[in-house]
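**Student:** Sharing a structure, written as structure tokens. Questions coming.
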Amino acid sequence: MTLRLWENPRRLMLAVNAAVLAGVLLHKISLPPYVPYIHLLVDYHFGFTKRALLGAIVSVFTAKVPVWLVFAVGGAVWLMTAGLFAQLFRRTFGFDEKNLPLFVFMAGSPFFLKNFMHTLGHFDIYGCLFAICLLLLPARSLGYVLLAGLLSAVLILIHHIHLLMYVPTIAVIVVLRYYLMQGVNRQNAAVGIASLAAVGVLFIAAQFYGAMAVPETEFVAHLQGRMADPSRADLLSFGYIWYQPLTKEILDTWQRLPHNLLGIPVFAFLIWLHAPLWQYFRNLIDVLSNDAHRRIVPAAIILVSLGYLIMFAIVFDYSRWISNWAVCLFLILHAVKMLPASKTAPPISAHDRKTSAMGWIVTLIPRVGIVRPF
């Protein structure tokens, strides 16, 4: 077994990635889960509230929320995401030797599962999970479009920033897998537009009418009443989120901008490390058999990227945004692979030394982070 690993560096990279993931997990559980924990406490006790769906679901099962539940729920969602992604990759590409370099650059990327482990308990991963589910499910009926709309609505209720984070990617997946394959007619176009409109209305409601209407002291008292250990008042330090207007978030982001921009060269380097993957993505687009498909896919990528640019201007968690942007491209790549192609795109080289070096660097980087790189 050991000899086989050394003879096939891609398998060794995956083994090292598993060890790195374990290290990230051990580090993560040693930190207080300020933001994830409070999201499990907030519910609809005071009426419609932004970011309250997860807490409302938790409240159905338990009146008192222990801190360990953050890691239990987050860990379960992470395992589901990792398992379903492996199933998606197996179904789309297969795990034969020629596709292992691609799997290393995706599953082993510090943008993806390792960063989701670092942000365990945050809401980003739900968008990824739902998108993977839509990539796995058959896309042959209007039910697929309606399901995508429903999942998008759930994401908005988890956190309304998903309108820019994963809802555009879900829309792209629906377009590529359903509308390009089944064709557009009056009925399915109306359903798609109605779904988008409903998600948009829900976003407006969450963003502009979902702030807490009661005094902050009353809100915090309610949250303390839901805590298994009310003495951990430090875990409620982010309660101001439910009172902060959009203008304040934008102001905070722009005040931090000069410092946060220092991370851009690091982000650029991390993106460059995935160059073999991006080249393969380009090759996939080039071999599509339909000219319209070859134009639509780049336009879709630009649309998704514009959403993230807006997020960069609004909220300062830059490391999370760049990581999720990359994950969205990974998922769109799978959708593109499902489109008709005139020939097979050449796989990432398993013997190129530069590609192998990039793969090792990607493997050894444990995460990208939340705000600043690493």
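The values are calculated or read from the model by the stated rules, or taken from the named source; none is laboratory data. As the structure is a computational prediction, the values presented were derived from the model and not from experiment. When we count neighbours, we look across all protein chains shown, and the Cβ atoms used for this are built from the backbone with ideal geometry, even at glycine.
**Student:** Which pairs do you get when a residue that is in a helix (DSSP H, G or I), found in the range 260-273, comes within reach of a residue that is surrounded by 19 or more Cβ atoms within 10 Å (Cβ to Cβ) and at pLDDT 95 or above, reach meaning Cβ atoms under 6 angstrom, with the pair 6+ apart or on two chains?
**Tutor:** Once the first residue is in a helix (DSSP H, G or I) and sits in the range 260-273, its partners that are surrounded by 19 or more Cβ atoms within 10 Å (Cβ to Cβ) and at pLDDT 95 or above give Phe267/Ile322; Leu273/Met358; Leu273/Val362.
**Student:** Here's something else I'd like to know. So which of Ser305, Ser349, Ser356 ends up being surrounded by fewer than 21 Cβ atoms within 10 Å (Cβ to Cβ), of a type in the set (Gly, Ala, Ser) and not in a helix (DSSP H, G or I)?
**Tutor:** Ser349
**Student:** Any idea which of Arg226, Arg256, Arg232 is under 25 Å from the mean Cα position of the chain (by Cα) and among the basic types (Lys, Arg)?
**Tutor:** On inspection, the qualifying residue turns out to be Arg256.
**Student:** In addition: Any idea how many residues of the range 54-94 are crowded, with 16+ Cβ neighbours inside 10 Å, aromatic (Phe, Trp, Tyr) and more than 23 Å from His27 (Cβ to Cβ)?
**Tutor:** So the count comes out to 2.
**Student:** Determine, yes or no, whether Arg232 is exposed (fewer than 14 other Cβ atoms within 10 Å of the Cβ), farther than 30 Å from Arg295 by Cβ and modelled with pLDDT under 95.
**Tutor:** Against the criterion (exposed (fewer than 14 other Cβ atoms within 10 Å of the Cβ), farther than 30 Å from Arg295 by Cβ and modelled with pLDDT under 95), Arg232 qualifies.
**Student:** So, in the range 206-258, of the ones that are out of contact with any strand residue (DSSP E or B) (no Cβ under 9 Å at 6 or more places or on another chain), in contact (Cβ under 8 Å) with a residue 24 or more places away in the chain and of a type in the set (Lys, Arg), which residue ends up farthest from Tyr44 (Cα to Cα)?
**Tutor:** Only one residue fits best here, namely Arg256.
**Student:** Next question. Please give the number of the condition Ser109 fails out of (1) buried (at least 21 other Cβ atoms within 10 Å of the Cβ); (2) in a helix (DSSP H, G or I).
**Tutor:** Checking Ser109 against (1) buried (at least 21 other Cβ atoms within 10 Å of the Cβ); (2) in a helix (DSSP H, G or I), the one that fails is (2).
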